[in-house]
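J.: Sharing a structure below in structure tokens format, with a few things to ask.
The values are calculated or read from the model by the stated rules, or taken from the named source; none is laboratory data. No experiment lies behind these values; they were computed from the predicted model shown. Neighbour counts run over all protein chains shown; Cβ positions are idealised from the backbone, glycine included. The protein model used for the area step is the full one, side chains on, heavy atoms only, and it has no ligands, DNA or RNA in it. Shrake-Rupley method; radii C 1.70, N 1.55, O 1.52, S 1.80 Å.
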Amino acid sequence: MCGRYKRKSDKQAIATAFHVNGHLDSVILPPDDDVRPATMQPIIRVNKDTGERDLVMARWGFVPSWHKPNERFPPTTFNARAEGIEKAGMWKRAFATHRCLVPADSFYEWHKIRKKDNPKYEITLKNHRPFAFAGLWGAWKNPETGDWLQSYTIITTDPNELMESIHNRMPVILHPNDYTRWLSREETEQPPIDLLRPFEAETMTAHLTDNTQDEMFVEPNSK
């Protein structure tokens, strides 16, 4: 599960780190120390027409194209399990052509050892550079209003040696040299399933936060 993360980098720092060229002027992007599901956050994807990397705002919590306007948004689609993602009905189309980067500077996880007041950890890279979760994005058109909603999910996988003492899942973090392949919108016979693996534990660090009594964002059957 990945239910909270931090994004302290502004849009220019994100653009520099992830080589974003398009759609910057229209984005208002203050830092967010506690990114939560159902909020609008920046993602990076390839523009189909220009081939450039765009920074766009999207809802954290994937909304499929077949969603009905009179129904509530799916409550558990802020994460997607890597296992079988290329075949799952909710994810297979997005995995084939709608992959994205989700910029972050750290993420939070609670070590669930009791019913409440569980210790909260902040996990980051040792080099303190911004990094990218592997994400999938979708676009849903409200048939009643004609408005489009962009949305995304963060993919999770098995924990590495650092994370396994805290939680049984971790978000997929991508290496910079894999960004181009991950963002490609071309359907191939060999989709990048091999990138959905635990990040190297020796490059990461985790520490207890001062506020260990935050309530964890939990939905039924969340990933």
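J.: Going by what's in this entry, would Thr50 be described as in contact (Cβ under 8 Å) with a residue 12 or more places away in the chain and not hydrophobic (A, V, I, L, M, F, W, C)? If you could, list the steps in order and put the result at the bottom.
T.: Values: in contact (Cβ under 8 Å) with a residue 12 or more places away in the chain: yes; not hydrophobic (A, V, I, L, M, F, W, C): yes.
Yes, satisfied.
J.: More than 17 Å from Lys6 (Cα to Cα) and without any contact (Cβ under 8 Å) to a residue 12 or more places away in the chain: which single residue out of Ala80, Ala88 fits that description? Let's see the steps before the verdict.
T.: Numbers: Ala80 fails: without any contact (Cβ under 8 Å) to a residue 12 or more places away in the chain.
Every option except Ala88 fails the conditions.
J.: Count, please, the residues in the range 52-66 that happen to be part of a loop (DSSP other than H, G, I, E, B) and within 16 Å of Leu136 (Cβ to Cβ).
T.: Number satisfying all stated conditions: 6.
J.: So, one more: Restricting to strands (runs of 3 or more DSSP E) lying wholly in the range 87-194: which have 1 or more residues that are among the β-branched types (Val, Ile, Thr), touching an Asp or Glu at 6+ places or on another chain (Cβ under 7 Å) and open to solvent by 10 Å² or more (accessible area, probe 1.4 Å)?
T.: Because the criterion is at least 1 residues that are among the β-branched types (Val, Ile, Thr), touching an Asp or Glu at 6+ places or on another chain (Cβ under 7 Å) and open to solvent by 10 Å² or more (accessible area, probe 1.4 Å), the strands (runs of 3 or more DSSP E) in the range 87-194 that meet it are 120-125.
J.: Taking only the range 18-48 into account, find how many residues are small (Gly, Ala, Ser) and within 19 Å of Ile154 (Cα to Cα).
T.: Initially, the range 18-48 is screened for residues small (Gly, Ala, Ser), giving 22, 26, 38.
With within 19 Å of Ile154 (Cα to Cα) added as a condition, the list becomes 38.
Number satisfying all stated conditions: 1.
J.: Of all residues in the range 62-86, how many are farther than 24 Å from Thr180 by Cβ, surrounded by fewer than 21 Cβ atoms within 10 Å (Cβ to Cβ) and either of a type outside the set (Phe, Trp, Tyr) or within 13 Å of the chain's Cα centre (by Cα) (or both)?
T.: Count: 15.
J.: Let me ask something additional. Checking the condition more than 20 Å from Phe199 (Cβ to Cβ) and among the β-branched types (Val, Ile, Thr), which residue from Thr124, Thr77 passes?
T.: Values: Thr124 fails: more than 20 Å from Phe199 (Cβ to Cβ).
The match here is Thr77.
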